[in-house]
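Comments concern the structure below.
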């Protein structure tokens, strides 16, 4: 035990002596036990470099990247807002197709149904574990909400709902919204919303 204590004291003293000299003026290079960010590898623009296949330090941007301040931030599909304003778009700005609805159904069941329920009534499995403040998509407030605002809520979260922007792709957010609107129509639609040729089938 005494040897361990002696070694520990010696080690602490050595570290203090070395670290305690930091800041002293000397013509010799400083002792760097942990260089941190003092010595960073970097590439100089327009200089040659053997790391990349083309031998250049300056590389073209990676496909799919978007520069800050570009048109991306002012696009209704990407933001859910009318370009040049803070107003939300009223309706989905992408074509609503059978494929989009099927995708929305799948993504809804994965990301939304656990809380909001399979039919959008706010009675998902999480309500059995004391999560009671879950939105019911059939409430008039949400039925009247614009598609852009729902998109914004999915993207950034609201109240107790966290952000799903990192979990759900932009296209899938619109697909989910399309499916939510279908759920609402299935619950709140009237006979007048059904095309005349199909009403006879419902009345049977």
Problem set entry | C-alpha long axis of helix 147-156 to longest principal axis of the chain, angle in ° | 30
Exercise. In degrees, nearest 10, range 0 to 90: what is the angle between the Cα axis of helix 98-111 and the longest Cα principal axis of the chain?
Worked result: 60
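Semi-axes of the equivalent ellipsoid of the chain: what are they in whole Å, largest first, if each equals the square root of 5 times a C-alpha gyration tensor eigenvalue?
Values: eigenvalues 686, 154, 48 Å².
Semi-axes (√(5λ), whole Å): 59, 28, 15.
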Seminar exercise, completed: Here the FRET efficiency for residue 132 versus residue 184, based on Cβ atoms and R0 = 30 Å and rounded to 0.05, is 0.90
Exercise. Could you give the angle, 0 to 90 degrees to the nearest 10, between helix 170-188's Cα long axis and the longest principal axis of the Cα atoms of the chain?
Worked result: 30
For this session: Mind putting together the pair-distance distribution for the stretch 105-160? All Cα pairs, 10 Å bins, whole percent per bin, short to long.
Result: 24, 58, 18, 0
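Quick one: Kirkwood hydrodynamic radius for the stretch 83-204, alpha-carbon pairs, angstrom, one decimal?
Values: mean 1/r = 0.0648 Å⁻¹.
15.4 Å is the Kirkwood radius here.
Would you calculate a helix-derived [θ] at 222 nm for the chain, using -39,500 (n - 2.57) for each DSSP H run of n ≥ 4 and dividing by the full residue count, to the nearest 500? Walk me through the numbers on the way to the answer.
Numbers: 8 runs with 82 residues, N = 204.
Estimated from H runs of four or more residues: -12000 deg cm²/dmol.
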Exercise. How many nm separate the modelled label positions at residue 15 and residue 33, each set 7 Å beyond the Cα in the direction of the Cβ?
Worked result: 0.6
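Grab the Cα-Cα distance for residue 50 and residue 125, subtract it from 0.36 nm times how many residues apart they are, and report the gain in nm with one decimal.
Working: separation 75, 0.36 × 75 = 27.00 nm, distance 5.54 nm.
Using 0.36 nm per residue and subtracting the Cα-Cα distance, I get 21.5 nm.
So what is the relative contact order for the stretch 72-196, in percent, with contacts set as C-alpha pairs under 8 Å and at least six apart?
Values: 153 pairs, mean separation 36.3, N = 125.
Worked out over the stretch 72-196, it gives 29 percent.
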Exercise. Mind checking which of 33, 177, 125 has the largest fluctuation in a GNM of the chain, springs on alpha carbons under 10 Å?
Worked result: 33
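Just so you know, all these numbers are worked out from the coordinates, no wet-lab data involved. Here the structure is a predicted model, which is why all the values come from computation and not from measurement. Note that each Cβ is placed from the backbone with ideal geometry, even for glycine, and that neighbours are counted across all protein chains shown.
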